[in-house]
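Rule-based calculations on the coordinates, nothing more; no lab input. A quick note: this is a predicted structure, and the numbers were derived from the prediction, not measured. Cβ placement follows ideal geometry from the backbone for every residue including glycine, while neighbour counts extend to all protein chains displayed.
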Amino acid sequence: MQRYKRIFENNDAWARTMLAEDPEFFHKTEARQEPHFLWIGCSDSRVPAEQLAGAVPGDIFVHRNIGNQVWATDLNLLSVLHYAVHVLDVKHVIVCGHTRCGAIKAAYGQHAFGILDHWLSDLRTVIRHHHEELEAIEDESQRLDRIGELNVLQQVGILARTPTILDAWARGRRPLLHGLVYDVSDGHLRSVVEAIDGTDKAAQLLPVG
Ligand code: CO
């Protein structure tokens, strides 16, 4: 309970700090949210979207799941995407993977994980598709990190084919889609793919499976 109670103490200290920096901060965020970004990231506790991007409340609309996946059948994700793009009018949609991702490791390994195996099936498709390239990488952690990059490319490719994104692009060229990897060993973000818009750039990101 001690650590649970500390959440309230930390929260109180945080709210006071925010007020000290900007006495109007909560009045402004109470009135509206105008985030520039939709962030689709992994649920991993080491990859907190707002913190690693130096953001404050109101900056980023966030969806996180195991393995930062975009399923064209995931009503939860599709609802978040639709609201972010068509109501909040976000300018950028970011898919962010990370090194040492447990989902990638699980999908690459041979163990069964019950219901999680359904959720990992798209990752396994990506791994099968890139089998030759992956087997040529001797170092296992490098191989897993490469799967992480390929997963980000796959998910941005799927995103680029959702009706929500296609509708938005038909009306203009926003939002721009980006794929990133966060390195848990040094805290830095790295770009995997950048500024995909409604032009033929998106066609090059063909998802597998
Ligand atoms: Co992860």
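Under 12 Å from a label point set 7 Å out along the Cα-to-Cβ vector of ARG161, the amide N atoms of region 44-79 belong to 71-73.
Using θ = phi - 60° in the Karplus curve 6.51 cos²θ - 1.76 cosθ + 1.60, the 3J(HN,Hα) couplings for region 199-205 round to 7, 6, 4, 5, 5, 6, 9 Hz; x is entered for Gly and Pro. Within a straight-line Cα-Cα reach of under 29 Å, LYS201 can be paired with the following lysines, leaving aside sequence neighbours fewer than 8 residues apart in one chain: LYS91. Taking amide H as placed 1.01 Å from N in the peptide plane, ARG64 has its amide H under 5 Å from the amide H of GLY41, each at least 5 places away in sequence or on another chain. In this simple spin-label approximation, THR73 and THR17 carry label points 7 Å from Cα along the Cα→Cβ vector, and these lie 4.4 nm apart. The Cα trace of region 79-209 gives Rg and Dmax of 15.6, 46 Å, the first to one decimal, the second as a whole number. With neighbour counts taken as other beta-carbon atoms within 10 Å, the residues LEU177, LEU123, LEU206, LEU52 rank, fewest first, as LEU206, LEU52, LEU123, LEU177. Normalised by 2.2 N^0.38 Å, where N is the number of residues, the C-alpha radius of gyration of region 1-155 stands at 1.26. For the chain, the residue among ILE196, LEU134, THR164 whose Cα projects farthest onto the positive side of the dipole built from Cβ charges is THR164. Here is the list for region 20-122: GluC sites (Glu not before Pro) lying in DSSP coil, each with at most 13 other C-beta atoms within 10 angstrom of its C-beta, are GLU24. Applied to region 52-58, the Karplus parametrisation 6.51 cos²θ - 1.76 cosθ + 1.60 on θ = phi - 60° returns per-residue 3J(HN,Hα) values of 6, 9, x, 9, 10, x, x Hz, with x for Gly and Pro. Counting neighbouring Cβ atoms within 10 Å and putting the fewest first, the residues TYR182, TYR4, TYR83 line up as TYR4, TYR83, TYR182.
Grab the Cα-Cα distance for ALA31 and HIS131, subtract it from 0.36 nm times how many residues apart they are, and report the gain in nm with one decimal.
31.0 nm
With θ taken as phi - 60° and the Karplus curve 6.51 cos²θ - 1.76 cosθ + 1.60 applied, the whole-hertz 3J(HN,Hα) list for region 144-152 is 5, 5, 5, 4, x, 5, 4, 5, 4 Hz, x standing for glycine and proline. Across the chain, the mean sequence separation of Cα contacts (distance under 8 Å, 6 or more residues apart), normalised by length, yields a relative contact order of 20 percent. Taking the fewest neighbouring Cβ atoms within 10 Å as the starting point, the ordered list for THR162, THR125, THR73 is THR73, THR125, THR162. Cα centroid separation, region 55-86 to region 103-143: 24 Å.
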